[in-house]
Amino acid sequence: MIEEMILYHSVIIKAFLGFLVGGLLIPVMTAKNPLGFRKASFIYTMIFQGLTTMIAFTGLIAMVKGEVGMGLGIILMIIIWAILMYIEIRKYKLIKVANLQEPTKHQLLKGAFIKISLINILLVTMMVVLKIAEVKGAISLS
Ligand code: HEM
């Protein structure tokens, strides 16, 4: 049960990483279509929230069932998770209220979308690398 949860946690995180990389295409593909950009961003945020909820859910179950203490690794994961959610909600609100018909606004938000995606990819990759380093015995996150 615990191993299964950690496996789900791990697989969803890899899928999430793939989703973040694929999401980089949204501002590119909707470069000349502001309304398409808004619509695609909303669908993106919905999937983003679904995947991050599954990550937290499987992580929390693994933590409780596996009686894993609040070590540095868990604290880091929760902090990264909270940052991911916070930035995504702020981005969603910005894109929702902006007048995207204004070319400068559209341009600005496309840039912000790409930058935020790159930060998210960096954060998730960093956590995956830290966990791999821990398994290999190079560092301790307990
Ligand atoms: C509420 C949020 C989260 C909780 C409670 C949580 C909890 C856990 C627990 C209990 C484990 C297994 C025990 C351990 O290795 O320490 C684990 C493994 C892991 N978590 Fe999380 N986690 C959360 C979010 C995240 C996030 C956002 C990421 C990525 C950025 C992440 C990446 C990982 C990785 C890479 C592993 C190792 C998986 C493996 O062994 O294959 N976790 N997490």
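Per DSSP H run of n ≥ 4, the term is -39500 (n - 2.57); total these for the chain, divide by its residue number, and report the mean residue ellipticity at 222 nm rounded to 500 deg cm²/dmol. Estimated from H runs of four or more residues: -29000 deg cm²/dmol.
Annotation: the residues 26, 89, sorted from fewest to most other C-beta atoms within 10 Å of their own C-beta, follow the order 89, 26.
Under the convention that each Lys and Arg Cβ holds +1 and each Asp and Glu Cβ holds -1, the size of the dipole of segment 2-135 around its Cα centre is about 780 debye.
Each 10 Å bin from zero holds the following percent of Cα-Cα pairs in segment 1-90: 15, 42, 27, 12, 4, 0.
Counting beta carbons within 10 Å around each of 90, 38 and listing the fewest first gives the order 90, 38.
From least to most packed, judged by other beta carbons within 10 angstrom and beginning with the fewest, 128, 135 follow the order 135, 128.
Counting only the Cα atoms, segment 54-139 fills a convex hull of 95 Å³ per residue.
Only the coordinates and a few stated rules stand behind these numbers; no lab work does. Fair warning: this is a prediction, and the values are worked out from it, not measured in the lab. For neighbour counting, all protein chains shown are included, and Cβ atoms are generated from backbone atoms with ideal geometry for every residue, glycine included.
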